[in-house]
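As structure tokens, the structure follows; a few thoughts come after it.
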Amino acid sequence: MKPRVREALVVEGRYDKNTVLQAVDALVVETNGFGVFSDRERVELIRALARARGVVVLTDPDSAGFLIRNRLKGSLAGENVKHAYIPDIPGKERRKAAPSKEGKLGVEGVPGEVIVDALRRAGATFEKENAAERTGGVTKYDFYALGLSGRPDSEKRRAELKRGLDLPERLTANALLDVVNALMTREELERLIEAGPQ
């Protein structure tokens with residue numbers, strides 16, 4: 001069973017996310033590389049997660065990774081943020097034809113044990129819960145029962161929920177479910193839905 005990390009993990013891209021999710025059970029948010037520099041909604045999502053459960057920034061050990069990390073440090077100053085560092089390991093990722101300019105493996109190229117070790121050294125909280133359980137306990141069925149999926153007006157209701165939680169409008173239903181579980185319990189979601197748009 002993969003270890004479960006309480007904090008949300010912030011990585012650069014989808015390949016990093018895939019590698020991290022093979023090593024640990026966690027909510028993983030991508031910065032879309034340098035896209036985070038101009039994506040205020042993405043930064044606000046990371047800030048909301050930092051307030052709710054903390055975040056661990058895990059970027060590549062190259063200059064681009066440190067630029068992204070430093071941008072997040074400035075944007076998230078004062079929030080519950082930890083920084084995990086991948087050691088400098090020479091090599092190239094399997095999917096790439098040549099090594100990076102600096103010749104180091106990024107998050108996507110390191111073994112799972114290296115990721116777990118980096119998270120432990122950063123002080124990430126490893127939970128002993130069943131990895132199949134979600135923090136908030138909200139399921140896809142709950143989304144259906146609350147009218148957030150499977151209904152003609154579900155998209156509108158999800159949009160209202162995202163606006164009420166100050167979340168990006170582009171968040172998919174599955175990503176919204178992950179974020180809702182990170183931010184609140186099922187009972188809190190029900191109360192929020194019952195209260196209606198603010």
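Are there any pairs with C-beta distances below 6 angstrom linking a residue in the range 92-116 that is at negative phi to a residue that is among the aromatic types (Phe, Trp, Tyr), with the two at least 6 apart or on different chains, and if so which?
Close Cβ pairs (under 6 Å, with a partner that is among the aromatic types (Phe, Trp, Tyr)) amount to Glu108/Tyr15.
Rundown of residues vs (1) within 20 Å of Gly196 (Cβ to Cβ); (2) modelled with pLDDT of 90 or more; (3) not assigned by TED's automatic domain parsing to the domain that holds Ala26, yes/no style:
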{"position": "Gly103", "(1), (2), (3)": "no, no, no"}
{"position": "Val110", "(1), (2), (3)": "no, yes, no"}
{"position": "Ile115", "(1), (2), (3)": "no, yes, no"}
{"position": "Ala118", "(1), (2), (3)": "no, yes, no"}
{"position": "Arg121", "(1), (2), (3)": "no, no, no"}
{"position": "Ala132", "(1), (2), (3)": "no, no, yes"}
{"position": "Tyr144", "(1), (2), (3)": "yes, yes, yes"}
{"position": "Leu148", "(1), (2), (3)": "yes, yes, yes"}
{"position": "Asp153", "(1), (2), (3)": "yes, yes, yes"}
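Residues are listed down the side, and each one gets a yes or a no for (1) of a type outside the set (A, V, I, L, M, F, W, C); (2) modelled with pLDDT of 90 or more; (3) at positive phi:
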residue: Val10; (1), (2), (3): no, yes, no
residue: Thr31; (1), (2), (3): yes, yes, no
residue: Arg53; (1), (2), (3): yes, yes, no
residue: Ser63; (1), (2), (3): yes, no, no
residue: Ala77; (1), (2), (3): no, no, no
residue: Ile89; (1), (2), (3): no, no, no
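Have a look at Phe37, Phe66 and point out the one that is of a type outside the set (Asp, Glu) and touching a Lys or Arg at 6+ places or on another chain (Cβ under 7 Å).
So the residue among Phe37, Phe66 that is of a type outside the set (Asp, Glu) and touching a Lys or Arg at 6+ places or on another chain (Cβ under 7 Å) is Phe37.
Conditions (1) in contact (Cβ under 8 Å) with a residue 40 or more places away in the chain; (2) surrounded by 14 or more Cβ atoms within 10 Å (Cβ to Cβ); (3) closer than 24 Å to Leu21 by Cα, marked per residue:
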{"residue": "Lys140", "(1), (2), (3)": "no, no, yes"}
{"residue": "Gly147", "(1), (2), (3)": "yes, yes, no"}
{"residue": "Thr172", "(1), (2), (3)": "no, no, yes"}
{"residue": "Thr185", "(1), (2), (3)": "yes, yes, yes"}
{"residue": "Arg191", "(1), (2), (3)": "no, no, no"}
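The values are calculated or read from the model by the stated rules, or taken from the named source; none is laboratory data. None of these values were measured; they are calculated from a predicted model. Every residue, glycine among them, receives a Cβ derived from its backbone with ideal geometry; neighbour counts consider all protein chains shown.
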